Amino acid sequence: MKKILWISDMGFDGYLPPQKYNRPPLTWIYNLGAYHTHYTQVYKIKEKFDVAIIASIHENIDVKSINLDLIRQISNKVGIQQESHHRNFLDKKSIIDSVYYVSLYQNCDFILTHNHIDSKYFSSLFNKPCFHHPQLIDLDESIYPKKEEIILAGNLDSRYGNFDNYLIGLEINLPINVIRMHTYREEESQLENIIHHPYEADYKKFNKIIGENKMALYLIPYPLGGSFPIQCGMMKVPCISWNTSTTALECYPDLSFDYGDFDSIRKSISLLNNKDFFNEVNNKAYQVILEKYTNSEYYKKYMFDKLCMII
């Protein structure tokens, strides 16, 4: 067992107590047995770690508060957990923040990524060891009656790419559900045939919003962390996606297509009207979720094997 330090924007210090955690990053931290601290509290730590992982570098974080030299004094190796899509470091408020963010990637020892396309991007751009960090979420076996409605992943902005989703959704001619994420813009509420739901931090309530739909569209231009396709799979809601999302491709290979291939998207929507096909893709997804994305033993073996290679 390697001694791991997890550094993020969450406001607590120490190890997580034994209890059920719903989704990353808490499921990651707990199952890795990692000690957690905030970026600004690293100076208080006196013990040494095998690995430090810098994570959750959100838009509101002052990246200059992350002192890589100080972290190296207490850890043999330092990695970066990718946040958002792989071009996220370009979206900072200032070019200075973007440059500093890039310097973290340039000077770390390895990078944990959301998707295989991200691993290729980061490894070739920064010449660093990269490997996919799989999602780990709590299995929710709730079953909800399906409405003749669809759901989109995220909002109608460049990050989530949901204008593509929305235009395809209009063709389906069913009510379109959207959960208000932090990128939500008020004007979205004026669009035709769209129903907005407040962001729901409660894991079960979030799943219920997803689970009441006939299908989901996850046509995100730059794939994100990937919990949405897993939640769709648990709720038996077929998730149509570009094949750049690792979780969507693994859970729903028959509904994942080359970026921009809207003709195949339309064909898959038509195929989902066939009850046998609908059940087949959902059953495949559920099996993958049981074996991999809700399986803490699989996760721990995978991650410790990877970290041993780095160390």
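Taken together, the values in this text are just the output of simple stated rules run on the coordinates, not laboratory data. What you are looking at is a predicted structure, and each value in this text was computed from that prediction instead of being measured. Virtual Cβ from ideal backbone geometry, glycine too; neighbours counted across all protein chains shown.
In nm, to one decimal, how far is the modelled label at Val99 from the one at Phe262, with both set 7 Å along Cα→Cβ?
In this crude label model, Val99 to Phe262 measures out at 4.0 nm.
Once you charge only the Cβ atoms, +1 for Lys and Arg and -1 for Asp and Glu, what is the size of the charge dipole of region 182-311 about its Cα centre, to the nearest 20 debye?
Charge dipole of region 182-311: 440 debye, to the nearest 20.
Take every Cα pair under 8 Å in region 150-293 that's 6+ residues apart, average their separations, divide by the length, and report that relative contact order as a whole percent.
So the answer I get is 19 percent.
With contacts defined as alpha carbon pairs under 8 Å and 6 or more residues apart, what's the relative contact order of the chain in percent?
Here the relative contact order equals 15 percent.
What length, rounded to one decimal in nm, is gained on full extension from Glu171 through to Ile143, with 0.36 nm per residue of separation minus their alpha-carbon distance?
7.3 nm
Place the peptides 246-254, 130-138 in order of packing, highest mean first, counting for every residue the other Cβ atoms within 10 Å and averaging per peptide.
Those peptides, ordered most packed to least, come out 246-254, 130-138.
With the cut-off at 1.5 for a/c, could you classify region 227-311 from its C-alpha gyration tensor as rounded, prolate or oblate?
oblate
If I measure Cβ to Cβ between cysteines in the chain, which ones have no partner under 4.7 Å?
Cys with no partner Cβ under 4.7 Å: Cys108, Cys130, Cys251, Cys308.
Which number comes out as Rg/Rh for region 28-147 once both Rg and the Kirkwood Rh are worked out on C-alpha atoms?
Ratio value, two decimals: 1.03.
Please give the calculated 222 nm ellipticity per residue for the chain, where each DSSP H segment of at least 4 residues contributes -39500 (n - 2.57) and the sum is spread over every residue; nearest 500 deg cm²/dmol?
Calculated at 222 nm, the ellipticity per residue is -10500 deg cm²/dmol.
Around Phe278, what is the net charge, scoring Lys/Arg as +1 and Asp/Glu as -1 over all other residues with Cβ under 12 Å from its Cβ?
+2
For region 150-293, how big is the tail of P(r) above 26 Å, as a whole percent of Cα pairs?
Result for the distance tail: 15 percent.
Once Rh is set to the Kirkwood radius over Cα pairs, what Stokes-Einstein translational diffusion coefficient, in µm²/s, holds for the chain at a temperature of 25 °C and a viscosity of 0.890 mPa s?
My calculation gives 121 µm²/s for D.
All other residues with a Cβ under 10 Å from the Cβ of Asn76 taken together, and with Lys, Arg as +1 and Asp, Glu as -1, what is their net charge?
Summing Lys/Arg as +1 and Asp/Glu as -1 gives +3.
Among all the aspartates and glutamates, which ones have a C-alpha under 19 Å from Lys128's C-alpha, if same-chain residues fewer than 8 places away are not counted?
Partners within reach: Asp50, Asp69, Glu83, Asp109, Asp118, Asp305.
For region 28-82, which trypsin sites (Lys or Arg not before Pro) pass both filters: DSSP loop (anything but H, G, I, E, B) and at most 10 other C-beta atoms within 10 Å?
Answer in residue order: Lys46.
Taking every DSSP beta bridge with both residues inside the chain, roughly what % is antiparallel (nearest 5)?
Rounded to the nearest five, the antiparallel share is 5 percent.
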